[in-house]
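Inspection log for the structure reproduced underneath, given as structure tokens.
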Amino acid sequence: AGTSLLTPSDIRELSNKLGIRPTKTLGQNFVGDGGTVRKIVSHAGVSEGDRVLEIGPGLGSLTLALLEAGAFVSAVEIDPKLAAALPETVNARHDRPERFAVAQFDALQLADNELAVPPELDAFVPTHLVANLPYNVAVPAILTALEHLPSLHIVDVMVQLEVAERLAAKPGSRVYGVPSVKAAWYAEAARGPLISRSVFWPVPNVDSALVRFDRRQEPDADRELVFKVIDGAFAQRRKTLRQSLASWAGSPARAEEILRSAGIDPALRGEKLTIEDFVAIAEASQA
Ligand code: SAM
């Protein structure tokens, strides 16, 4: 009773039946391992009654594990064939299919689309985003969701290992960069367990890891302006802030003046600065 998760042979059979040829462009690698999807659900702390947004449900592997944990799930899938097939899979394998709904659109267009509402609910306000994200749009998908869905307080997703490390990196780390600082605007990020490539079909040529974001109070500042400073500071990684922020500020001298009034050494590189430092620079530029 309850829920029947997808096995590797279910993945093959479903793909065949639907005529799905997994594509790299859409990052279509499907998980056929119950242990892995249950691990993602427990890492995200999903429990009975939670409202979960899933991006890229694919054949439904993670969807079923979320439903098994008692969640209401609203999924966003770009591939029309996959989106159309999901309700039937959920009906056949879970005893409360009315807790699930799916919409077909590009998750990067979250701002312009409505999430589907599971029949058992009157409205859907997600508190969790849980997903095995398509590799090529993972970072923009996370940032878009954090920006447009303020109700999300936990985002826990599987991404390529390097991307997970980059997103959770702290200032001074070799892999600290634009995604790390922008994510830090919205949330505290922490890398989670490694996931072997062998749980996927087809098997990708990289390993994956979980990364979890716990939303924090956003800085009281102009986000667009702060993000421009961040983009400028990292556009030329090897340069000092005085140089890298010159074109944003108008000149190296003006960049230096702004940095000094923000209390930041103009000879540093962007990779040393926290999100609060970037906020201070943005504010100093307006003073
Ligand atoms: N969740 C499934 C699993 O764990 O087996 C599938 C994960 S697969 C890595 C990524 C899924 O995201 C695919 O189903 C793909 O079609 C979908 N996808 C790719 N780009 C997308 C986008 N921009 N918006 C929504 N879904 C997308």
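Farthest towards the positive end of the charge dipole of the chain, among the residues 58, 164, 109, is the Cα of 164, using unit charges on the Cβ of Lys, Arg, Asp and Glu.
Amide H contacts of residue 103: 75, 76, 77, 116, each under 5 Å away and 5 or more positions distant or on a separate chain (H built 1.01 Å from N in the peptide plane; Pro and chain starts excluded). With a Förster radius of 41 Å applied to the C-beta separation of residue 16 and residue 114, the computed FRET efficiency comes to 0.80. Electrostatic bookkeeping for residue 106 treats Lys and Arg as +1 and Asp and Glu as -1; over the other residues with beta carbon under 13 Å from its beta carbon, the sum is -3. First check a/c for segment 68-221, with a ≥ b ≥ c the square roots of the eigenvalues of its C-alpha gyration tensor; if it is under 1.5, answer rounded, and if not, answer prolate when a/b is larger than b/c or oblate otherwise. Taking the square roots of the gyration eigenvalues as a ≥ b ≥ c, segment 68-221 is oblate. Other residues within the sphere of radius under 14 Å centred on the Cβ of residue 253, judged by their own Cβ, net out at +1 (K and R +1, D and E -1). Positive-end ranking of 186, 32, 127 along the dipole of the chain, with charges on Cβ about the Cα centre, is headed by 32.
Atom-type composition of the exposed protein surface of the chain places 49 percent of the accessible area on carbon and sulfur (1.4 angstrom probe). Structural descriptor for the chain: relative contact order 15 percent, calculated from alpha carbon pairs under 8 angstrom and at least 6 residues apart. Computed with a 1.4 Å probe over protein heavy atoms only, the accessible surface of the chain comes to 44 Å² per residue. Legend: residue pairs 239/272; 182/272; 17/81; 182/228; 182/239; 24/170, Cα-Cα distance threshold 22 Å; pairs beyond threshold, 24/170.
Rounded to the nearest 20 debye, the dipole magnitude of segment 43-166 is 140 debye, with +1 charges on Lys and Arg beta carbons, -1 on Asp and Glu beta carbons, and the Cα centre as origin. Where only DSSP H runs of four or more residues are counted, the chain gives -11500 deg cm²/dmol as its mean residue ellipticity at 222 nm, each run worth -39500 (n - 2.57).
What is the helix-to-structure angle for 138-148, meaning the angle in degrees between its Cα long axis and the longest Cα principal axis of the chain, kept from 0 to 90 and rounded to the nearest 10? So the helix axis and the longest Cα principal axis differ by about 80 degrees. The residue list 243, 78, 227 was ranked by how far each Cα lies along the charge dipole of the chain toward its positive end, using unit charges on Cβ atoms, and 243 comes out on top.
The values are calculated or read from the model by the stated rules, or taken from the named source; none is laboratory data. This one's a predicted model, so the numbers in the text were calculated from it and none came from an experiment. Note that we place each Cβ from the backbone using ideal geometry, even for glycine, and neighbour counts take in every protein chain shown. For the accessible areas, the whole protein counts, side chains as well, though only heavy atoms, and no ligand, DNA or RNA atoms are used. Shrake-Rupley method; radii C 1.70, N 1.55, O 1.52, S 1.80 Å.
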